[in-house]
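Heads up: the structure comes next, in structure tokens.
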Amino acid sequence: MKPLADGKGKKEIQAPAAPSAPDKIDFSKVEIDPLFKDQVDFETFSRSDFRAVKVLDCVPVPKSKKLLQFTLDDGSGTDRTILSGIHPYYEPEDLIGKTCIAITNLPPRAMMGIDSCGMLISAVHQEEGKEKLHLLMVDDHIPAGAKLY
């Protein structure tokens, strides 16, 4: 909200627009992969380092149709590079400034000559025979580096 002058020296407050109703989602055509039958012990799970990361930059990887190169703030003070094959689902400029979730303690993996140091977390399902992917994005009030449990 911003004070507006009415021309007589008085200030009026403009009310924010009413929030729009969320789109109704029809999950009747969604196919979800079955849950894993194998269990992971708590010690193994607790060694996985999931962190909130802020997208500082995101660009397409040259000569790749799928890969995006993310420059991320993971709270460590050093930028982190992660490559993700989500370009068929997202345009890079739409992701800059978003807060996402990454697993940060995977060993680096070279992809198209670039080391990817972690993995961004996405949700995947089938809908009417087509794969759908949604990058997990969280509230921007969560600081970079916040640990997930």
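The values are calculated or read from the model by the stated rules, or taken from the named source; none is laboratory data. As the structure is a prediction and not an experimental result, all values here were calculated from the model. When we count neighbours, we look across all protein chains shown, and the Cβ atoms used for this are built from the backbone with ideal geometry, even at glycine. In case anyone asks, the SASA skips ligands and DNA or RNA and just uses the protein heavy atoms, side chains included. Shrake-Rupley method; radii C 1.70, N 1.55, O 1.52, S 1.80 Å.
Scanning the stretch 49-84 for residues that are outside any strand (DSSP E or B) and either in contact with a strand residue (DSSP E or B) (Cβ under 8 Å, 6 or more places away or on another chain) or of a type in the set (Phe, Trp, Tyr) (or both) yields Asp49, Val61, Leu67, Asp74, Gly75, Asp79. In a strand (DSSP E or B), open to solvent by 80 Å² or more (accessible area, probe 1.4 Å) and at pLDDT below 70 - does that describe any residue in the stretch 13-20? The answer is yes, given that some residue of the stretch 13-20 is in a strand (DSSP E or B), open to solvent by 80 Å² or more (accessible area, probe 1.4 Å) and at pLDDT below 70.
Counting just the residues of the stretch 99-117 that are open to solvent by 60 Å² or more (accessible area, probe 1.4 Å) and of a type in the set (A, V, I, L, M), which one comes out nearest to Asp33 (Cα to Cα)? Among residues in the stretch 99-117 that are open to solvent by 60 Å² or more (accessible area, probe 1.4 Å) and of a type in the set (A, V, I, L, M), the one nearest to Asp33 (Cα to Cα) is Leu106. With the condition kept exactly as written, say whether any residue in the stretch 30-43 is modelled with pLDDT of 80 or more and touching an Asp or Glu at 6+ places or on another chain (Cβ under 9 Å). For the stretch 30-43, residues modelled with pLDDT of 80 or more and touching an Asp or Glu at 6+ places or on another chain (Cβ under 9 Å): present. Applying the set (1) surrounded by 13 or more Cβ atoms within 10 Å (Cβ to Cβ); (2) on the phi > 0 side of the Ramachandran plot to Lys63 leaves exactly one unmet item: (1).
For the stretch 91-98, the count of residues that are touching a helix residue (DSSP H, G or I) at 6+ places or on another chain (Cβ under 6 Å) and open to solvent by less than 80 Å² (accessible area, probe 1.4 Å) is zero. Within the stretch 118-148, the set of residues being open to solvent by 70 Å² or more (accessible area, probe 1.4 Å), within 19 Å of Asp79 (Cβ to Cβ) and in a loop (DSSP other than H, G, I, E, B) comprises Asp140, Pro143.
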